[in-house]
Amino acid sequence: MQIRTSEIAGGVRCTEILDSRFRGCLLTLHFALPREEKTAPVHALLTDLLTGSSADYPAPGALNEKLDSLYAADFPGSLTLCGDAADLYFSASWLDDAYALNGEPLTDEVLSLVTGCLFRPHLKDGAFDAERFRICRQNLLDDIDAAVNDKRAYALRRAAETAFAGEPASIPPQGTRPFAESVTAADCAALWQEILRTAPVDLIAVLPQEKPLLMQRLTEAFSGIRRETRPVSFSAPSPPRVQTEYRTEEMDMIQSRIVMTYLYDRADRMAMTLLCRMLSGTGSSLLFANVREKEGLCYDCSASFSAAKHALVIECGVRPGMEQAAEAAIDAQIAAVRQGAFPAELPEECRLAEAFSAAAAQDSSGGIARAAAACHRAGLAYDPAEWLRQLNSVTPAQIAEAAGKLRLASVFRLCGREEGGRAD
Amino acid sequence: MIITDPVTGDSCLLVTHESGMRICVAEQPGFHTASAQLGVRFGSVHRRFSADGQTVTLPAGTAHFLEHKLYENADGDAVTQFARLGASDNAYTAFDRTVYYFSAQQHFAEALTLLLDFVQNPYFTERSLEKERPIIAQEICEYSLDSPDDRIFFLLMEGLFHRHPVRCDVAGTLDSIGQITPELLYQCHRAFYQPSDLVLCCAGSVTAGEVLEIAGRAVKRRPPVKAVPEPIPEPETVRVPELREQMTVSKPQFAAGFKSPPVTGEALLRQTLLGELVLDYIAGQSSPFCQRLLSEGLINDTFSVSAFTGESWFVLMAEGESDTPERVRDELLREITLVAREGIDPERFAALKRAAYGDAVLSVNSPAASAEAMTDALIRRLPSPYLVTALLPSLTVREAETLIAERLRPDRVCLAVIEPG
């Protein structure tokens, strides 16, 4: 694997990763954006508006038809929330030219299509095409309303609103309905032009071989824009809380869900990574082994952490009526780690598991691109060897110390009905 | 036997171990990890079988329960042992199979020995089953009862099928899992987990020699017990044309499915590929039909089409959200009639075949994906894991038109709807 990084325009960094194991090419284009209630629905709309048509392919379905003809090339847009910022990204993937059955120049065609969509969108009088905008906005409104369908995602979203109240991280991923309803096609076009001009841009290409055309096309595309980059930080630690906030909501469902958010002030990132793995993510992990297997309180119980918000989140699906028992059992696991009361072999198992995850990520082009993007968001260079060295330097005492810094900031309970559920 | 994919140059070694176990290995030396999958043709639809002159009827969810409990042995559980090796393990039960798998960067040999050991050596007690029941009950609640995405699928199956167990959730029900006993699990293990029923597929940074050497040591030779799953009698008609239920959802969710006679072996793969192409042609994202319905607000971007097929069922379906699901179904039926009358445009069909080819070449490009593709082929008793790229060029417009006439019949459709409630 060869890694090459260059700046192709002001605030536009391009990382090319060459790896001959892969048969496909992957190009991800990341735009770092501050999150605000007003612009959140616009960001969500842009993922759709910019990937469904372009000035070159204005007719409904024409762009999809073109992608089909290019051997299922793909060009979705997406939004990742990181701290108080958002990563609006587009991901183009296509078969390497070597596998085209009739010698079609796939790279050339896909790059034309991608640069066309992003730099020559389907606009009319300074606004996105009205019909396309109407459909995309309706999809967005349906998505916002559908938050209630996926109980797990809904609980996580409501927990974030509770834990980070007043901070941009509490804004729902797609924004709120009132703001989504008031957005216009012209707002979206104007914000996109501003993003092209001001957002820090991170381009990551994972390619089976050299593709000089890629750099050439991307450089050309950005050369037409007068860039004035506005820095965006993905790190925004949440301030400490005086007391734990509890919020309960009821829903007509069979299972209850709880989400516990712990905050910490300063902690070693790698120690927190291993702590998170010790709590969930392997068969010996404390939440799996104790809360699920020993106490039988739940089916799933998992931990994740946001280095950007200095937050560790634990979520769990439990029988109605058992919420508080599960919360106590979860909290007891954190307390145990604080006191160093965990199996001696667990840190080493978790280190092996983390090392495996990193190795597995390097075995797919998508994994490499995701890992590289995550490093860049954290302000680090993508360097798997250095990452491994840091992982190996963490001691069990540092993990216990990291657990000692956790303070329970909020508990969100989404409670189902207690009668035990429906049986066929 | 070495099998090679002429398109990608991928190859694998396929051997039958003296115990009868089929083993397939794809060496991929450039990769950092290796993956192994151990699969068996015992899934949720296998609810009646005869073995040793006895007919056994199983409660719904037995195969899934067995999968959960196999991880436990007298010395502890395999999950913990995999964790100690730094291997990432898991298992799943599907309608027609159960698969146990892991990926590892280090200690692959120890992890493979462990995989072969715990799958072949069951240890069930009443106490351990009692402990597992509430965990599986929570799994059923989470995935089956509280998830509209899962529920709409099974609602459709309940509408389409009269008796076929594909209409039951893989994990069973809160009642049925209470009927499973250690004796029943042992009986199923004896019947379906014979070495000759198992397939082992490995890919990545591992050699065929290493895998065969471990298998030589770890695979048990057992006196054969032949389990014969009983045929599943199922009428060709749909059970009911429409089925409705209420849940906490923002707007009605629907699934419209077309039931048609099942096929097996290579014909199943061919018909499934054709079914997917035809659905994409008629109602896929690039189709004029899909674009028109989006424009008219009848569907939103959750709309999708898919083929759900196995050796004893064949369903082509469309699903999504709509305020008027009946109208979407009627529009779909009208579109099918139109395409059947006007015929398929060869150029668009060729473009969709190219897309399917691109998907096939790109999707199997990692150790985990390769092991999964090989397991799927062996479980389906296909001669090669590389059949998709070989079959696609041979699919014709005429076959696609025949499929429309035979498998998208208006009298074989069911509409399932989950309404906000």
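The values are calculated or read from the model by the stated rules, or taken from the named source; none is laboratory data. Since this is a predicted model, take the numbers as computed values, not measurements. Virtual Cβ from ideal backbone geometry, glycine too; neighbours counted across all protein chains shown. Remember, those area values only see protein heavy atoms, side chains included, never the ligands or the DNA or RNA. Shrake-Rupley method; radii C 1.70, N 1.55, O 1.52, S 1.80 Å.
Values for this structure:
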item	result
Of residues in the range B:282-334 being out of contact with any helix residue (DSSP H, G or I) (no Cβ under 6 Å at 6 or more places or on another chain) and among the aromatic types (Phe, Trp, Tyr), the one nearest to B:Arg163 (Cα to Cα)	B:Phe314
Count - residues of the range B:200-230 that are within 24 Å of the chain's Cα centre (by Cα) and either among the aromatic types (Phe, Trp, Tyr) or loosely packed, with under 14 Cβ neighbours inside 10 Å (or both)	3
Out of A:Leu88, A:Leu81, sole residue that is part of a strand (DSSP E or B) and surrounded by fewer than 22 Cβ atoms within 10 Å (Cβ to Cβ)	A:Leu81
Within the range B:295-325, tally of residues that are within 13 Å of chain A (Cβ to nearest Cβ) and open to solvent by less than 30 Å² (accessible area, probe 1.4 Å)	7
Any pair with Cβ under 7 angstrom, 6 or more apart, that starts in the range A:132-148 at a residue that is facing chain B (nearest Cβ under 8 Å) and closer than 21 Å to A:Ala62 by Cα and ends at one that is among the polar types (S, T, N, Q) and surrounded by 19 or more Cβ atoms within 10 Å (Cβ to Cβ)	A:Gln138/B:Asn300; A:Asn139/B:Asn300
Residue list for the range A:38-66, restricted to those being more than 11 Å from chain B (Cβ to nearest Cβ), in a loop (DSSP other than H, G, I, E, B) and within 28 Å of A:Gly10 (Cα to Cα)	A:Lys38, A:Thr39, A:Ser54, A:Ala55, A:Asp56
Some residue of the range B:175-194 being within 14 Å of chain A (Cβ to nearest Cβ), assigned to a loop (DSSP other than H, G, I, E, B) and touching a residue at least 60 places away in the same chain (Cβ under 8 Å)	no
Wholly enclosed strands (runs of 3 or more DSSP E) of the range B:1-118 bearing at least 1 residues away from chain A (no Cβ under 13 Å) and surrounded by fewer than 18 Cβ atoms within 10 Å (Cβ to Cβ)	B:2-4, B:11-16, B:48-51, B:54-57, B:88-93
Check on A:Ile17, in contact (Cβ under 8 Å) with a residue 12 or more places away in the chain, open to solvent by less than 30 Å² (accessible area, probe 1.4 Å), touching a strand residue (DSSP E or B) at 6+ places or on another chain (Cβ under 6 Å) and not in a helix (DSSP H, G or I)	yes
Test: residue in the range A:255-262 that is under 23 Å from A:Cys316 (Cα atoms) and part of a loop (DSSP other than H, G, I, E, B)	yes
Test result for B:Ala360, at negative phi and open to solvent by 10 Å² or more (accessible area, probe 1.4 Å)	yes
Residues (small (Gly, Ala, Ser) and touching a His at 6+ places or on another chain (Cβ under 8 Å)) located in the range B:154-183	B:Ala171, B:Gly172
Residue in the range A:336-348 that is touching a helix residue (DSSP H, G or I) at 6+ places or on another chain (Cβ under 9 Å), under 29 Å from A:Glu249 (Cβ atoms) and more than 10 Å from chain B (Cβ to nearest Cβ) present	no
Residue satisfying all of: in the range A:175-213; touching a helix residue (DSSP H, G or I) at 6+ places or on another chain (Cβ under 7 Å) and of a type in the set (Gly, Ala, Ser); nearest to A:Arg137 (Cα to Cα) among these	A:Ala180
Qualifying residue in the range A:294-310 (condition: open to solvent by less than 20 Å² (accessible area, probe 1.4 Å), in contact with a helix residue (DSSP H, G or I) (Cβ under 8 Å, 6 or more places away or on another chain) and without any contact (Cβ under 8 Å) to a residue 12 or more places away in the chain)	yes
Residues of the range B:304-340 that turn out to be without any contact (Cβ under 8 Å) to a residue 24 or more places away in the chain and in a loop (DSSP other than H, G, I, E, B), as a count	0
Hey, B:Arg151 more than 25 Å from B:Ala78 (Cα to Cα) and outside any helix (DSSP H, G or I) or not	no
All positions within the range B:384-394 that are within 23 Å of the chain's Cα centre (by Cα) and either within 14 Å of chain A (Cβ to nearest Cβ) or under 17 Å from B:Gly159 (Cα atoms) (or both)	B:Tyr386, B:Val388, B:Thr389, B:Ala390, B:Leu392
Residues (open to solvent by 20 Å² or more (accessible area, probe 1.4 Å), more than 14 Å from chain A (Cβ to nearest Cβ) and of a type in the set (D, E, K, R)) located in the range B:239-286	B:Arg239, B:Glu242, B:Arg244, B:Glu266, B:Arg270
Top-ranked residue of the range B:143-160 - restricted to ones that are away from every other protein chain (no Cβ under 11 Å) and hydrophobic (A, V, I, L, M, F, W, C), ranked as farthest from B:Gly172 (Cα to Cα)	B:Leu160
Subset of the range A:311-335 (residues that are within 26 Å of the chain's Cα centre (by Cα), under 25 Å from A:Pro240 (Cβ atoms) and touching a residue at least 60 places away in the same chain (Cβ under 8 Å))	A:Ala311, A:Leu312, A:Val313, A:Glu315, A:Ile330, A:Ile334
